[in-house]
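Trainee: Below: one structure in structure tokens.
Just so it is clear, none of the values below were taken in a lab; they were calculated from the coordinates. Note that the coordinates shown come from a computational prediction; the quantities given were computed from them, not determined experimentally. Every residue, glycine as well, gets a Cβ built from its backbone with ideal geometry; the counts of neighbours run over all protein chains shown.
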Ligand code: UDX
Ligand code: UDX
């Protein structure tokens, strides 16, 4: 059967829009896919060999589809593509509001609204408008009211199709998703979009719900994931004081099939563009309906995460600070700056808070990461007191402490016997991800402190 959706436009060529459209184009060679972005430099990068985001497997997918049925163009030139489109995805950023009502919590929908105006101005005939960005529940009403300003005779369906991909595994998550969620009002519109996904996703994995359930489910899925990380991180502190080992506890707890083993890795804290933003959005929505206990419950997940980042920075500082608590004259190696492995994304990375706290106490830092650039680090931390190293070896020069903040697999296999020649004996190595070869670090005459592991492990 010929699909109803033959021409797709996506507004927003970011970490979500870019990979998602690349996979749709790759899997559906007969569907024409155009990705628009206001950011011309980003569009130029998508059209080059140096893609604007690092994501394993992405380059191969883009190179198969680009120039065939996938194109990236600036938003202004995209008007004609919107006019011809059967479906337009909105995949622009929805950051936490910084001013006005709900500042610090509510999601800022101004970019989404401007996309809705753009679609209303250029659409012709009937168009399915799809929320791909994570939205507050009932946001579709705002889009609907803007689309109502379109010329007479121009009609729309609105669907909510939130994306569940995680960075670093985006291509796998898109090619073999746990589920695709489509929320909507008219079954025909839901089916038209489902027909795109079922080209490669088993039909049983395509779930359909009402609009509000789809919008809310995305927020809730992220909140539950973040809650698991905060839960295990709260236990990591308890492990450190009792001598229990958080990895052992997580393994035991995770073998209960009702709980499951995933998302129980204690860490320096969760980061990324979504968890905190979506928790804050959920908190704001709960508050705005007068559900203060619900809001307070989820606020605690955010607070625990902030506390974990502060706690880790203070753990690093404790053995090297002077009597007045200052870190002046102390140089600290920071291994890893991305918010997780396999990405160059630094949005809300825990490394920002940990590093800023150390810098505020007078430390100087030498940062290494395999994918994050020196420019991205200095954009977050400034240049004062911050150097960038091109290798872990280089980062270890003249430092008083070493901290691992991102779980890059290459850090797990560092040759500490060789590296220790660059370090003073008994230098403390802080493993914020529990990935280092603990025996090798200790054999090299260094002290190791792991998140969620008590003093007995120091010996
Ligand atoms: C974004 C949201 O942050 C997230 O909530 C949602 O689930 C998916 O979309 P991401 O793709 O990671 O995630 O954001 P980002 O990498 O910032 O990309 C958004 C892009 O939209 C940017 O390239 C920006 O230039 C572009 N944009 C924004 C437009 O093209 N037009 C606009 O009007 C606004
Ligand atoms: C998340 C969701 O997983 C994804 O479904 C949604 O679409 C977007 O938000 P992402 O933020 O890309 O994806 O990465 P994720 O793997 O969820 O990790 C988020 C943060 O939690 C990272 O900083 C990660 O290091 C941390 N984390 C994750 C832990 O500290 N411990 C864990 O066990 C898992």
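Trainee: In whole Å, how far is the Cα centre of region 370-398 from that of region 163-223?
Mentor: Computed from Cα coordinates, the inter-centre distance equals 38 Å.
Trainee: Still on this structure: Can you compute the modelled spin-label distance between residue 292 and residue 421, with each label point 7 Å from Cα toward Cβ, in nm?
Mentor: The modelled label-to-label distance comes out at 6.4 nm.
Trainee: Given the Cα-Cα distance of residue 141 and residue 391 and 0.36 nm per residue of separation, how much length would full extension add, in nm? It would help to have the intermediate numbers written out before the result.
Mentor: Details: separation 250, 0.36 × 250 = 90.00 nm, distance 5.02 nm.
Roughly 85.0 nm would be gained on extension.
Trainee: A further question on this structure: Mind pulling the angle between the C-alpha long axis of helix 211-242 and the longest principal axis of the chain? Nearest 10 degrees, somewhere in 0 to 90.
Mentor: Helix 211-242 and the main axis of the chain meet at about 10 degrees.
Trainee: Once label points are set 7 Å from the Cα along Cα→Cβ at both residue 98 and residue 413, what is their separation, rounded to one decimal in nm?
Mentor: 4.1
Trainee: Now, a different point. Assuming R0 = 22 Å, can you tell me the calculated FRET efficiency for the pair residue 126 and residue 30, based on Cβ-Cβ distance, to the nearest 0.05?
Mentor: Numbers: r = 20 Å, r/R0 = 0.91.
Efficiency for this residue pair is about 0.65.
Trainee: For each of 97, 218, 424, count neighbouring Cβ atoms within 10 Å of the residue's Cβ, then give the residues from fewest to most. It would help to have the intermediate numbers written out before the result.
Mentor: Numbers: 97 19, 218 24, 424 11.
The fewest-first ordering by Cβ neighbours comes to 424, 97, 218.
Trainee: Residue separation times 0.36 nm, minus the C-alpha to C-alpha distance between residue 262 and residue 79: what's the value? Display every interim value, and only then the final one.
Mentor: On the way: separation 183, 0.36 × 183 = 65.88 nm, distance 4.32 nm.
The span from residue 262 to residue 79 would gain 61.6 nm if fully extended.
Trainee: Residue 172 to residue 198: FRET efficiency via 1/(1 + (r/R0)^6), r the Cβ-Cβ distance, R0 22 Å, to the nearest 0.05? Please report the intermediate quantities before stating the final value.
Mentor: On the way: r = 19 Å, r/R0 = 0.84.
Rounded to the nearest 0.05, the efficiency is 0.75.
Trainee: Tell me the label-point distance for the pair residue 48, residue 307, using the 7 Å Cα-to-Cβ offset, in nm and rounded to one decimal.
Mentor: Label-label distance for residue 48 and residue 307, simple model: 4.6 nm.
Trainee: Rounded, prolate or oblate for the chain? Axes are the square roots of the Cα gyration tensor eigenvalues, ordered a ≥ b ≥ c, and the cut-off for rounded is a/c under 1.5. Show your work: numbers first, answer last.
Mentor: Working: a/c = 2.09, a/b = 1.83, b/c = 1.14.
The shape class here is prolate.
Trainee: Next up: In a solvent-free Debye calculation with one equal scatterer on each Cα, what is log10 I(q)/I(0) for region 309-458 at q = 0.10, 0.14 Å⁻¹, listed in the order of the q values?
Mentor: -0.29, -0.59
Trainee: May I have the pair-distance distribution P(r) for region 219-301, computed from all Cα-Cα distances with 10 Å bins from 0 and rounded to whole percent?
Mentor: Using 10 Å bins, I get a P(r) of 18, 42, 30, 10, 0 for region 219-301.
Trainee: Suppose only helical runs count, i.e. DSSP H with n ≥ 4. What mean residue ellipticity at 222 nm does that imply for the chain under -39500 (n - 2.57) per run, divided by all residues and rounded to the nearest 500 deg cm²/dmol? Kindly include the intermediate steps, with their values, before the conclusion.
Mentor: On the way: 18 runs with 189 residues, N = 459.
So the helix-based figure for the chain works out to -12500 deg cm²/dmol.
Trainee: Of 21, 135, how do they rank once you tally other Cβ atoms within 10 Å and put the fewest first? Mind dumping the intermediate values first?
Mentor: Working: 21 28, 135 25.
Neighbour counts put them in this order, fewest first: 135, 21.
Trainee: Once both axes come from the Cα atoms, what is the angle between helix 275-288 and the longest principal axis of the chain, in degrees from 0 to 90, rounded to 10?
Mentor: Its long axis makes an angle of about 60 degrees.
Trainee: So, one more: Hey, with R₀ at 25 Å, roughly what FRET efficiency would residue 164 and residue 110 work out to, going by the Cβ-Cβ distance, to 0.05?
Mentor: Details: r = 25 Å, r/R0 = 0.98.
About 0.55, to the nearest 0.05.
Trainee: While we're looking at this one, here's another question. If you fit an axis through the alpha-carbon atoms of helix 292-317 and take the longest principal axis of the Cα set of the chain, what angle between them do you get, 0 to 90°, nearest 10?
Mentor: In the chain, helix 292-317 runs at an angle near 40 degrees to the longest axis.
Trainee: Given an 8 Å cut-off on Cα distances and at least 6 residues of separation, report the relative contact order of the chain as a percent.
Mentor: Working: 901 pairs, mean separation 55.7, N = 459.
About 12 percent, as a whole number.
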